[in-house]
Amino acid sequence: MVRVPREEDFARLDREDPLASFRERFRIAEGTIYLDGNSLGALPAATTESLLRTIEREWGGDLIRSWNLHGWIDLAERIAARLAPLLGANAGEVAICDSISVNLFKLLGAAHRLRPGRTVVIARRDEFPTDLYVVEGMCGLPGTALELRLVADEVELEAALDRRTLLVLWGHVDYRTGRLFDLAALARKAHAQGAFLLADLAHSAGVMPLHLDRWRVDFAVGCGYKFLNGGPGAPAFLYVSERHLPELVQPISGWFGHARPFAFETRYRPAPGIRRFLSGTPSILALRALACGVELAGAADLELVRAKSERLTGLFIELVERELAPFGFQLASPRCPAERGSQVSFRHRDGYPIMQALISRGVVGDFRAPDILRFGFAPLYNRYREVSRAVAIWRGIMEEQAWQRPEYHRPARVT
Ligand SMILES: *Cc1c(COP(=O)(O)O)cnc(C)c1O
């Protein structure tokens, strides 16, 4: 018979956790079980002081001299160098800038310019909407011949791919269900038809080892404010395989991507390396915060992070299914840990008010329309005990029917 985990098992797992010491390097309010690090990562303890120093000493004291004196001019490059090994890339393939949405536009534009004869972008219908919106926006530009073709899954992708395909745009982890896709297999499929693979790493960067070079991914984008803990609206990153870099010119050709920004030349000349994917002046405050988050992720062994993530999510599924069996929650995430990102989702008709009740009792997850309760697990700061505590609180809410209160049914702008 399979033994179900008990309270003391969770305490023991925490004691034996090789990542346990990372928790105190974050600031998480007492009484909060934070299960939304896949949406907005927690605050690293070092960030506050770093920002205060940047504001008071650098901006306030040294003002414009800080670009040279305090290395503002290459701060993004230094963060990219720290991030690159987490992506399985070399430093010359990664840039930190803008948002995923803007970086997608730049990469799509660069790819289209390189292969104007290929006009189809293939993406998953259930992809995170901004990815689809940006392709739609680019397709609508006069002078581009692009069209977007939506597919349900890899099987439909296979059938849709042909010699007209410019690129396949695919998220590594489905933001609703947490399903993890095989990027190496997707790259092989795309390449067999001469197309590129552009991967969206929003839900995988910082929470599992990635091997973009080895997987032969062509381009990628990812988020700074999710598992990289860079703070709300943190700059995003982009990756371009060195195989393609010299040939690519991106459409938001701003001065920070110029070969010599301070030569103030009349004509645009792209910088030789990945810097050509920069556009305008970066937010130094935002970069300082991101640096603290990336530093923490870089200090952890991502193999251990992944192992703990699989365990946290696996235990959560097991406990929810045991403790909440009468209440009709449907697992929306893959049961096999190897096919799951670092989140667990359950479907329920009353998912929205149930999530609001959970949040009001300190268990912070989120809700994704139409019926998904989503719980993200960040192995650097989540503890095993939080899994059992969260499920116990959830069960209390269901037994008392606390979620029926009218205040939990009021829709908010951000869910
Ligand atoms: C969070 C997320 C984004 C966010 O895009 P921004 O333009 O940086 O706001 C994009 N794609 C996916 C898959 C996401 O999960």
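Figures for the structure shown
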{"read-out": "Residue within segment 187-198 that is within 16 Å of the ligand (Cβ to nearest atom) and either modelled with pLDDT of 95 or more or touching a strand residue (DSSP E or B) at 6+ places or on another chain (Cβ under 7 Å) (or both) present", "value": "yes"}
{"read-out": "Wholly within segment 330-415, strands (runs of 3 or more DSSP E) carrying at least 3 residues that are at pLDDT 95 or above", "value": "343-347, 372-376"}
{"read-out": "Residue check for residue 107: in a helix (DSSP H, G or I) and away from the ligand (no atom under 16 Å from the Cβ)", "value": "no"}
{"read-out": "Any chance residue 286 is within 30 Å of residue 56 (Cβ to Cβ), within 15 Å of the chain's Cα centre (by Cα) and within 14 Å of the ligand (Cβ to nearest atom)", "value": "no"}
{"read-out": "Selected residue (only one of 313, 281 is within 18 Å of residue 73 (Cβ to Cβ), of a type in the set (Val, Ile, Thr) and modelled with pLDDT of 95 or more)", "value": "281"}
{"read-out": "Hey, residue 98 among the acidic types (Asp, Glu), modelled with pLDDT of 95 or more and not in a helix (DSSP H, G or I) or not", "value": "yes"}
{"read-out": "Residues of segment 136-177 satisfying the condition of being of a type in the set (Val, Ile, Thr) and outside any helix (DSSP H, G or I)", "value": "144, 151, 165, 168, 173, 177"}
{"read-out": "Tally, over segment 211-245, of residues that are within 16 Å of the ligand (Cβ to nearest atom) and assigned to a strand (DSSP E or B)", "value": "7"}
{"read-out": "Segment 10-48: number of residues that are touching a residue at least 24 places away in the same chain (Cβ under 8 Å), outside any loop (DSSP other than H, G, I, E, B) and within 22 Å of residue 304 (Cα to Cα)", "value": "13"}
{"read-out": "Index of the failed condition, residue 69 passing every other in (1) hydrophobic (A, V, I, L, M, F, W, C); (2) touching a Gly at 6+ places or on another chain (Cβ under 8 Å); (3) without any contact (Cβ under 8 Å) to a residue 12 or more places away in the chain", "value": "(2)"}
{"read-out": "Residue count for segment 392-415, restricted to those that are surrounded by fewer than 20 Cβ atoms within 10 Å (Cβ to Cβ) and in contact with an Asp or Glu (Cβ under 8 Å, 6 or more places away or on another chain)", "value": "3"}
{"read-out": "Matching option when the condition is within 16 Å of the ligand (Cβ to nearest atom) and at negative phi, among 255, 170", "value": "170"}
{"read-out": "Residue check, residue 89 crowded, with 21+ Cβ neighbours inside 10 Å, within 12 Å of the ligand (Cβ to nearest atom) and outside any helix (DSSP H, G or I)", "value": "no"}
{"read-out": "Selection from segment 164-190 of residues that are surrounded by fewer than 18 Cβ atoms within 10 Å (Cβ to Cβ) and either among the aromatic types (Phe, Trp, Tyr) or farther than 28 Å from residue 211 by Cβ (or both)", "value": "164"}
{"read-out": "Answer from 57, 78, 113 - the residue that is part of a helix (DSSP H, G or I) and in contact with a Gly (Cβ under 8 Å, 6 or more places away or on another chain)", "value": "78"}
{"read-out": "Which numbered condition residue 133 fails, given (1) buried (at least 18 other Cβ atoms within 10 Å of the Cβ); (2) within 16 Å of the ligand (Cβ to nearest atom); (3) part of a helix (DSSP H, G or I); (4) not basic (Lys, Arg)", "value": "(1)"}
{"read-out": "Count - residues of segment 173-186 that are within 14 Å of the ligand (Cβ to nearest atom) and among the small types (Gly, Ala, Ser)", "value": "1"}
{"read-out": "Check on residue 130, hydroxyl-bearing (Ser, Thr, Tyr) and within 21 Å of the chain's Cα centre (by Cα)", "value": "yes"}
{"read-out": "Residue check, residue 105 among the aromatic types (Phe, Trp, Tyr), within 30 Å of residue 289 (Cβ to Cβ), surrounded by fewer than 23 Cβ atoms within 10 Å (Cβ to Cβ) and in contact with a strand residue (DSSP E or B) (Cβ under 7 Å, 6 or more places away or on another chain)", "value": "no"}
{"read-out": "Subset of segment 199-210 (residues that are away from the ligand (no atom under 12 Å from the Cβ) and surrounded by 19 or more Cβ atoms within 10 Å (Cβ to Cβ))", "value": "206, 207, 208, 210"}
{"read-out": "Any hit, segment 38-58, residues being modelled with pLDDT of 95 or more and in contact with a His (Cβ under 6 Å, 6 or more places away or on another chain)", "value": "yes"}
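The values are calculated or read from the model by the stated rules, or taken from the named source; none is laboratory data. Quick caveat, the model's predicted, so the values are computed rather than measured. Quick reminder, even Gly has a Cβ in these numbers, built from the backbone with ideal geometry, and neighbours come from all protein chains shown.
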